[in-house]
There are 2 protein chains.
Amino acid sequence: MTSTEALDVLEAYLQRKGLKTTAQRRLITEVFFDPRFKKDHPSVDDLFRHVRAQDANVGYATVYRTMKLLVECGLASPRQLGPTDKETRYEPESPGEHHDHLVCLDCGHIVEFENEAIEALQEDVARAYGFAIKEHRMVIYGHCTRTDCERRPSAGAHP
Amino acid sequence: MTSTEALDVLEAYLQRKGLKTTAQRRLITEVFFDPRFKKDHPSVDDLFRHVRAQDANVGYATVYRTMKLLVECGLASPRQLGPTDKETRYEPESPGEHHDHLVCLDCGHIVEFENEAIEALQEDVARAYGFAIKEHRMVIYGHCTRTDCERRPSAGAHP
DNA sequence: GTTGGTGCAAATTGTTTGCATATAA
DNA sequence: TTATATGCAAACAATTTGCACCAAC
């Protein structure tokens, strides 16, 4: 989803809730959906720094509060891909899409994928235990084979 | 794995590392592997309270430090099943075993399961992207059908 | 006797909140 | 004009760390 579409979704949500469209909320949303940035699962701090580059007055708290709004209206999902990561990272969401993650334990590289066969099996499992699935999370940790994969012990994850 | 077996694993690990076996480390490990407790994915605070019931002098920091040791020697895994939970919870591990989780969004009930077909498909996915799998995490969120399932909005997870 | 452990309290870190001011509606 | 947002600093909560004393080895 483009940043323009995301803004539309956000503004509709704000209107419906009687909240206000502000320059800060627009800017943060634009940064979050910026194609140069989108794939990075940014933390609040990442977002804060990029936002400050465009408007030096935005506060940390505003970024937190805006990300909470984006989550509420379905435009973002909080993630914790590396179980040792302490900060929450955010992923842009497009309604109807879903993907899971492959995370390289060496370089931190993240690949998103989707697999219908796995999802069908998940349905079977859930049914067997009397659960109605709302959603799921799946992360596979391993070692990637990128030529530029270098050990980054601090990269996050020992899962 | 029984608490006795766990203690053996821990002591072997401590010895190999030149570390010391102490009463506190033994007690915390026993509590963590106590069958009455095992299934509960306890937080450090849960453990701390049960440990204090047996020895009123143990400090919070010691529980943290000991859980870190248990993770290092493979006896425990840190989990964050409800993405809104802030505290880390721990799950007892037995080498060679693996299970994933079903979490009820209403009552917080957790079911552990294992599914080889899903794991086989994960291998396929990883191979397709050039990843060698080390391990994985899968959590399915939904609504359970237990008769005593009651909405616990604070129960944890809106994933 | 050494080396490592414990308990406490203080420090750190990520996140939230209270409040006076500013701004969208 | 009136309700909501903002930015700042202070508050919080989970976890970590420094240090004086203790206890395994």
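Every number in this text was worked out from the coordinates using simple rules, so none of it is lab data. The model shown is predicted, which means the values in this text are computed figures rather than measured ones. Note that we place each Cβ from the backbone using ideal geometry, even for glycine, and neighbour counts take in every protein chain shown.
In nanometres and ascending order, the distances from the residue B:133 label point to those of the other copies are 1.6 (point 7 Å from Cα along Cα→Cβ).
Label zone (residue B:112, point 7 Å along Cα-to-C-beta; backbone nitrogen cut-off 13 Å) within the range B:1-30: B:1-3. The modelled label-to-label distance between residue B:147 and residue A:98, using points 7 Å beyond Cα along the C-beta direction, is 3.1 nm.
Relative to the other identical copies, residue A:96 shows label-point distances of 4.8 nm, where the label point lies 7 Å from Cα along the Cβ direction and values run shortest first. Closest approach of any chain B Cβ to the axis that rotates B onto A belongs to B:138, 2, distance given in whole Å. Are there any helices in chain A, counted as whole DSSP H runs, that stretch 15 Å or more along their axis by Cα and score at least 0.0 on average by Kyte-Doolittle, and if so which? Helices passing the filter in chain A: A:60-72. A point 7 Å from Cα along Cα→Cβ stands in for residue A:78, and the other copies hold the same point at 1.6 nm, listed in rising order. Peptide A:101-109 shows a mean partner chain C-beta count of 3 within 10 Å per residue C-beta. Search the structure for amide H atoms under 5 Å from the amide H of residue A:134, placed 1.01 Å from N in the peptide plane, and list their residues when 5 or more places away or on another chain. So residue A:134 has HN proximity to B:141, B:142, B:143. Rg over Rh for the range A:1-93 works out to 0.94, both radii taken from alpha-carbon positions and Rh defined as the Kirkwood radius. Taken residue by residue and averaged, Cβ atoms of other chains lying within 10 Å of the Cβ of B:120-126 number 6.
The sum of -39500 (n - 2.57) across all DSSP H runs of n ≥ 4, divided by the residue count of chain A, sets its helix-only mean residue ellipticity at 222 nm to -12000 deg cm²/dmol. For residue B:93, the amide hydrogen comes within under 5 Å of the amide hydrogens of B:76, B:77, counting only partners 5 or more places away or on other chains and with H modelled in the peptide plane.
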